[in-house]
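To keep things clear, I will list the structure first and then write my remarks on it.
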Amino acid sequence: MEHVRIGRQPILDSNSHLSAYALMYREDTKHNYSSASLISNVLNKFGTESLLGDKRAFITIDAKFLLHDLILSIPGEFFIFSLDSTIEITEKVIERVELLYSKGYLLSIEHLNFNDEVIEKYEAILNRVSFAKIDIREDIDVHIKPTIAKLKSSGITVVGDNIYDSLQFDKAKEFGCDWYQGYYFAELKIVENEKYEASYMEVLKLYRLLMDDVSIDEITKEFEKNYEITVQLLQFINSGAFHFRKRISSVHHILVLVGRVPLAQWLMLMIYSKSISSGDKRSPLMLMVKNRTELMENILKTLKPEAGSNMLGEAYFVGVLSLIDTLFNTKLENILVQMNISADVEAALLQNEGILGEILTLIKKIEEFDTQAAVDFEQKHNLSKGVLNELIIKSMEGVQAFENPTPLKD
């Protein structure tokens, strides 16, 4: 089973209190750096609550990502964008830094041996930068103290990085660093989650639908065909990027509340990050999500042929959310509280109450090969003998087709 791996290291203040994290992107055993992939995974796979708590994360970005308008769609309250040392301070870079600063984003300068020449390079943006990281491993001496003092006088928090022993820690304190990071305090913790991805064409198709002003009902149907995207949408909502007053009852409800432009920007982040897979292999958990959602809807239709789109949407929603705790490695109760789920959906998931809760309980028993449960359900609701078995077979056929999809054509 493939996993997404993110490296997380704490950053402490002078009182050894946790102040922030530094995040690095790690997938499988290969170390790949990509700011877009990292941010996409934090928002869509892990969620900021479970990964960061109430702290921000330093994420290194290059000039290409800094100047891409995609950066403006990312919730700034979770991240500190650290400018890579290779970035040239051009007029475009200065304008972008000004814009990000005006919108409340926090910026940092990454790993530099600060001297008069470096300070001169960054002079045009120093008053817009909140942090500066200094690599303590480098052969820096007491002459850097006036430079650090100058940075601090500009209101910049100086972070001593790559501190491996007590001598380097003492050096960082002597130089006047405010925050500290390195293996002397804590090793890089690798946090992993199952890799569940949508295909490039699926994401692109949804993006086109949003940009072409297609009806929200048609877009909802397309989302409900793409389980990986729906799961990532739920995690994105759960990341804290949105705060809804109304309780959420379905995917359709989310799409209405979020709006077309934020959704399109979110999908573009998925495309730009290249975190989407071009392969055909489906995750076992996503196959279970597929199976549950189809059975939830089809059994509800059998019980209530008159069920409208709202109730069917809730049934689909229950199916998706029923495995969300496993996918996100977090208690279901915590996720539902943060997502402000409707009372009916919450009751079905947590107490197995209502018709949706009863159907979900039946599906779980079916997954445990409890054949008598289907017979009892049919008798209780006066259904034709064997009708549930037909629905189960139909769902299995749908899962098989989902597992081995026909390549999409553009």
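Every number in this text was worked out from the coordinates using simple rules, so none of it is lab data. Note that the structure is predicted; figures quoted are calculated from it, not measured. Cβ: placed from backbone, ideal geometry, glycine included. Neighbour counts: every protein chain shown.
Please list log₁₀ I(q)/I(0) at q = 0.10, 0.16, 0.22 Å⁻¹ for the range 50-186, using the Debye equation with identical point scatterers on the alpha-carbon positions. Debye curve over Cα of the range 50-186, log10 I(q)/I(0) at q = 0.10, 0.16, 0.22 Å⁻¹: -0.33, -0.83, -1.40. Here the Kirkwood formula, the inverse mean of 1/r across different C-alpha pairs, assigns the range 67-137 a hydrodynamic radius of 12.7 Å.
Going from the residue with the fewest nearby Cβ atoms within 10 Å to the one with the most, HIS17, HIS253 rank HIS17, HIS253.
Could you sort 167-173, 225-231 so that the peptide with the highest average Cβ count within 10 Å comes first and the rest follow in order? All intermediate terms of the calculation are to be shown ahead of the outcome.
Working: 167-173: 16.4, 225-231: 21.7.
With the highest mean Cβ count within 10 Å placed first, the list reads 225-231, 167-173.
Annotation: the residues THR90, THR293, THR361, sorted from fewest to most other C-beta atoms within 10 Å of their own C-beta, follow the order THR90, THR361, THR293.
Expressed as a fraction of 2.2 N^0.38 Å, the rule-of-thumb size for a compact globular protein of N residues, what is the C-alpha radius of gyration of the range 39-90? Intermediate values should be presented prior to the final figure.
Values: Rg = 12.0 Å, N = 52, 2.2 N^0.38 = 9.9 Å.
Ratio of Rg to 2.2 N^0.38 Å for the range 39-90: 1.21.
What's the exposure ranking of TYR164, TYR105, going from fewest to most Cβ atoms within 10 Å? Please report the intermediate quantities before stating the final value.
Details: TYR164 13, TYR105 20.
In increasing order of surrounding Cβ atoms, one gets TYR164, TYR105.
Of the cross-linked pairs LYS64/LYS133; LYS103/LYS189; LYS225/LYS301; LYS205/LYS304; LYS64/LYS290; LYS92/LYS173, those separated by over 26 Å at the C-alpha level are LYS103/LYS189; LYS205/LYS304; LYS64/LYS290; LYS92/LYS173.
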